[in-house]
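A short worksheet on the structure shown next.
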2 protein chains.
Amino acid sequence: MVILILGADGYLGWPTTMYLASKGHEVIAVDNFAKRQWELENGITPLFPIATMHRRVDVFKEVTGKEVILRVGDLLNHRFVYKLFDELKPDIVIHYAEQPSGPYSMRDRATAFHTQNNNVLGTLNVLFAMHNIHNDCHLIKLGTMGEYGTPNIDIEEGYIEIEHKGRKDTLPFPAQPPSFYHLSKVHDSNNIRFATRIWGLKTTNLNQGVVYGVETDETKLHTELETSFHYDELFGTALNRFCVQAVSGHPMTPYGKGDQKRGFLNIVDTLKCVELAALNQPEPGFMRVFNQFTEVFSINELTHTIKDSASLCGIEAEISHVDNPRIEMEDHHYNPVHTKLTDIGLKPLLLRKTLIESMLKKISEYKNRINRKLFIMNVKWKKS
Amino acid sequence: MVILILGADGYLGWPTTMYLASKGHEVIAVDNFAKRQWELENGITPLFPIATMHRRVDVFKEVTGKEVILRVGDLLNHRFVYKLFDELKPDIVIHYAEQPSGPYSMRDRATAFHTQNNNVLGTLNVLFAMHNIHNDCHLIKLGTMGEYGTPNIDIEEGYIEIEHKGRKDTLPFPAQPPSFYHLSKVHDSNNIRFATRIWGLKTTNLNQGVVYGVETDETKLHTELETSFHYDELFGTALNRFCVQAVSGHPMTPYGKGDQKRGFLNIVDTLKCVELAALNQPEPGFMRVFNQFTEVFSINELTHTIKDSASLCGIEAEISHVDNPRIEMEDHHYNPVHTKLTDIGLKPLLLRKTLIESMLKKISEYKNRINRKLFIMNVKWKKS
């Protein structure tokens with residue numbers, strides 16, 4: 001299959017690129033390196049040194065013999081997007097090309113504006129490219145479990161049957177996103193659902209949980225094939241950040257009470273989920289939604305599990321709750337359904353102490369690169 | 001009260017400006033004349049000749065003695081927005097400043113992109129101006145009943161209590177908007193709901209039905225105070241367009257079967273609803289939603305009522321169903337709740353034959369300005 005990967009330079013984009021190229025697909029990696037700009041703006045560096053994308057593609061070819069095509073451009077430039085679809089006629093488009101951080105989007109007006117502009121309008125151009133240029137492809141869009149928020153009812157996969165005043169309908173699950181970034185994903189989902197319906201497109205929305213993990217089979221092949229792993233307040237995800245804090249001797253810093261619950265999955269499972277979505281096409285005209293995570297944990301469960309694993313590695317990790325910079329419920333119902341991906345074959349890689357130990361060991365190799373200032377960057381949901 | 005009216009040059013903005021200024025409020029009219037540009041792009045003129053906004057403000061002062069302050073600028077320029085909020089410290093902000101047409105947004109990629117860019121990001125700047133510059137004001141935002149689509153259950157006012165698997169919550173009513181324009185309104189609502197909650201803002205979202213009518217008490221005062229009345233396919237609303245078709249001797253052109261049902265209200269009631277929202281402040285921190293319409297009609301009911309009224313005016317109006325350029329249900333359940341505005345005092349001006357007769361007479365005075373080419377402009381939801 002010809003597979004276009006939008007946002008191929010990122011934490012998930014690059015491992016996905018290598019994984020699918022290794023499987024023999026013709027993979028085209030697309031990025032505009034916006035994320036590297038956002039890092040520079042905020043003085044952020046990923047844990048592992050990351051080569052240029054051009055270099056990573058070359059190294060991947062040297063090591064595996066597999067060729068990945070690189071195209072550099074911005075989804076906000078619709079001529080660039082149209083040209084991709086016209087020349088390459090992709091079977092599958094995997095769309096990671098969005099500003100991925102809640103805290104970044106909440107930093108100030110400019111970043112909120114930029115996030116929604118970049119994410120929503122970039123995706124709109126992709127939808128028009130499908131409609132106007134090359135309809136016969138399947139868009140796999142990365143969404144987020146955050147689209148649902150934390151309602152007091154069980155979360156379904158994208159849609160819910162509602163019975164109301166003696167009548168019934170199956171409607172999009174109500175959205176309660178907790179940041180301007182999460183809102184951009186909701187806007188995307190609404191746009192995609194509409195475009196899919198009126199134009200008969202093939203689309204899958206993967207409402208992904210919080211991803212953790214430092215490596216995949218392909219990133220292990222060469223140090224210059226590492227993925228862009230973040231531990232900072234803006235782009236680092238909970239489990240990853242806690243592990244780096246533990247290694248650096250900094251207390252792990254759960255926000256508030258720490259009873260917030262979220263769905264989590266390993267980065268290796270992200271690749272498998274995306275592959276399963278690609279191999280199992282949706283019907284045209286109806287946006288398919290999968291809830292993409294494998295386990296639910298509270299933040300406190302995470303920090304305590306990491307503390308135990310760290311102890312086995314000879315690290316005495318501390319936990320120090322900090323004021324919650326977000327506005328979110330810290331104690332709430334959380335029972336989201338997630339059966340559709342296992343139904344089509346996902347065998348989850350569950351979080352175990354041994355997995356955390358291997359993460360801690362890998363992170364320890366790069367301990368001297370950890371910048372402890374990046375753990376707390378003071379982005380607050382509401383100015384005090 | 002100091003009242004900022006964003007989009008004050010439009011069909012509703014200008015009558016609202018005059019109405020509230022007449023009531024003694026200090027009104028600041030804000031526009032960037034984007035709508036006049038969209039008209040020029042498409043060769044569209046409103047039925048009545050419309051003077052410049054500067055001239056209209058001058059005439060209004062000559063006729064009534066009331067001064068309206070005019071500020072020209074674009075909401076996408078946040079410095080302009082911040083300055084408005086900083087200098088004027090409005091008590092009320094009435095926000096009409098959006099691209100208001102479904103068909104315009106569906107014309108092509110550029111107009112869809114422009115609509116979402118203009119509407120969603122302009123509103124985002126307004127929210128940040130409230131948060132960063134002047135929090136103590138009440139945002140009254142014009143939304144649309146189209147946000148809900150046509151679900152097979154009764155539509156509530158913004159929120160619905162859902163019972164699911166033995167648990168309950170009150171959640172935002174699921175959105176199923178039928179165009180990229182309507183989607184922009186849903187994106188706005190989601191952004192406003194979030195910003196209201198985290199920053200404790202005072203906001204009201206008016207999910208308005210289809211507005212009809214040619215005049216208000218103030219537009220009648222002088223020919224140069226007329227409102228920008230559209231009958232074209234892009235900016236003309238159903239009832240207004242049918243009346244102009246009838247007067248011009250063109251058949252009325254319902255789309256498809258014509259059993260589509262929508263909520264309608266007279267332009268005079270729009271002014272009253274907005275005033276009622278302003279006089280009855282919401283609690284901070286929770287986006288209030290009113291469904292703003294007074295009657296439900298099917299398109300066929302409208303055309304037949306107009307036909308009868310036209311007949312009384314000596315006009316033999318014909319009805320000619322055309323292929324539906326939209327993708328929408330033509331026969332569906334439609335029973336939206338709309339009690340909150342009547343609860344706070346709205347006394348609806350209902351559609352009667354005499355009202356339609358007065359519309360037809362007024363339109364007849366401008367019969368020589370009707371451009372019949374504008375009735376059918378061939379914007380289709382899906383390319384054939």
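Throughout, read-outs are computed from the coordinates displayed, never taken from laboratory work. Computed from a predicted model, the values in this text were never measured in an experiment. In this analysis, Cβ positions are derived from the backbone assuming ideal geometry, glycine residues included, and neighbour counts consider all displayed protein chains.
The table below gives the values:
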quantity: Antiparallel bridge percentage (DSSP; both residues within region B:77-225; nearest 5); calculated: 35
quantity: Pseudo-label separations to other copies for B:H54 - Cα-to-Cβ vector, 7 Å, nm; calculated: 5.3
quantity: Entries of B:K185/B:K373; A:K220/A:K340; B:K257/B:K307; A:K23/A:K185; A:K383/B:K272 with Cα pairs more than 27 Å apart; calculated: B:K185/B:K373; A:K220/A:K340; A:K23/A:K185; A:K383/B:K272
quantity: Label-point separation, A:K353 to B:T52 (7 Å along Cα→Cβ), nm; calculated: 7.9
quantity: Antiparallel DSSP beta bridges within the protein assembly as shown, as percent of all bridges there, nearest 5; calculated: 25
quantity: Distance from region A:56-112 to region B:243-315 (C-alpha centre basis), Å; calculated: 45
quantity: Rounded, prolate or oblate (a/c below 1.5 giving rounded, otherwise prolate when a/b exceeds b/c) for region B:2-374 by Cα gyration tensor; calculated: oblate
quantity: Potential lengthening between A:K89 and A:L40 on full extension [0.36 nm per residue; Cα-Cα distance subtracted]; calculated: 14.2 nm
quantity: For region B:2-374: relative contact order, % (alpha-carbon pairs under 8 angstrom, 6 or more apart); calculated: 19
quantity: Theoretical ellipticity at 222 nm over chain A - DSSP helices of four or more residues, -39500 (n - 2.57) apiece, nearest 500; calculated: -11000 deg cm²/dmol
quantity: For the axis carrying chain A to chain B: nearest C-beta residue of A, whole Å; calculated: A:H187, 2
quantity: Gain upon complete extension [A:K373, A:N280; 0.36 nm per residue less C-alpha separation]; calculated: 29.1 nm
quantity: Ranked packing of A:368-375, B:137-144, most packed first, by mean Cβ within 10 Å; calculated: B:137-144, A:368-375
quantity: Neighbour-limited loop hits for GluC sites (Glu not before Pro), region B:34-86 (at most 15 other Cβ within 10 Å; DSSP other than H, G, I, E, B); calculated: B:E67
quantity: Prolate/oblate/rounded call for the protein assembly as shown, Cα gyration tensor, a/c under 1.5 rounded; calculated: prolate
quantity: Inter-copy spacing of A:N135 label points, which lie 7 Å from Cα along Cα→Cβ, given in nm from shortest upward; calculated: 5.1
quantity: Alpha carbon convex hull of region A:33-164, projected area averaged over orientations, nm²; calculated: 12.2
quantity: DSSP-assigned coil residues among chymotrypsin sites (Phe, Trp or Tyr not before Pro) in region A:1-96, each with at most 15 further Cβ atoms within 10 Å; calculated: A:F33
